[in-house]
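Please see the structure below; I have some questions.
Read-outs: derived from the displayed coordinates by stated rules, not from any lab. Since we're looking at a predicted model, the values are computed, not measured. Note that each Cβ is placed from the backbone with ideal geometry, even for glycine, and that neighbours are counted across all protein chains shown.
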């Protein structure tokens, strides 16, 4: 490594914050409102910090070994752009595998690779890599040296504090990302249940009875230990009048819709993630699939509020 581990941690957070600031300004201008861009709650985008560390580790020896800028700058531009693009592609792939969702998508951009990276972004990474190695990093090196001048253990203390805070943040953010998928699953099942009850309301009473008897019988076979409870419910259902049955189904529809509304009421973490990643979509399904339609409805509600 070109630096001590505490220095590397500090540089990671510095560049993660710069990346977060750049993404937040860009996204906020586009959305015309403040958007806390990034997967984590804190003001950092770790992909920028990781990219910066990889570039520094790989290219600082190159910078120090080449005397002529007209050779060093193009070399850093090309290699740095390749490193950052590879990292962006891998991060997109990994997050998709972990959360079954695509968090950003360049599919509509020209010269993209599987929608994970595209040419103009890779060029921008190369420009940033050159600026990082030749202009920005020397300034931050002076800042870290100043910290050592105040107290030799100060950089390590700051690194430990920031690292611990980020670990906690990661735990909460990952739980929120996973719960988005869980909620979509529940919302889809609730939607099917509501449609089923509405269909029952439109059927003659005798057909409703036969349909629900069939459902109870199939469930009873799968859940022998609950057969008595199922049979008791079926007996109560058979004892109801036609009007009582329709009232019961209507009440069930109302209860299911209320539960659906509760699931669509996002917590702070859900709201932040859905705002931060406006192109987030479930993978393995079309844009008009059930879960992606629910995701868009959820996002639209958040924006209206």
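What is the fewest-to-most order of 180, 136 by other Cβ atoms lying within 10 Å of their Cβ?
Taking fewest neighbouring Cβ atoms as first place, the list is 136, 180.
Over segment 89-198, what lengths in whole Å, largest first, do the semi-axes of the equivalent ellipsoid take, defined as the square roots of 5 times the eigenvalues of the alpha-carbon gyration tensor?
Largest first, segment 89-198 gives 41, 25, 8 Å.
What does the highest-first list of 43-51, 149-157, 126-134 look like by mean Cβ count within 10 Å?
The peptides rank, most packed first, as 43-51, 126-134, 149-157.
I need two numbers for segment 5-150: Rg to one decimal and Dmax as a whole number, Cα atoms only, in Å.
Over segment 5-150's Cα set, Rg and Dmax evaluate to 16.2, 50 Å.
Sticking with this structure for a sec: What nm value, rounded to one decimal, do you get for the distance between residue 172 and residue 239 when each label is placed 7 Å out toward the C-beta?
5.1 nm
Something else: Only counting other Cβ atoms within 10 Å, I'd like 146, 103, 70 sorted with the fewest neighbours first.
70, 146, 103
Assuming R0 = 41 Å, what is the FRET efficiency of residue 69 and residue 98, from their Cβ-Cβ distance, to the nearest 0.05?
That gives a FRET efficiency of 0.50.
Order of 270, 145 from fewest to most other C-beta atoms within 10 Å?
145, 270
Modelling each spin label as a point 7 Å along the Cα-to-Cβ direction, I'd like the residue 25/residue 257 distance in nm, to one decimal.
4.8 nm
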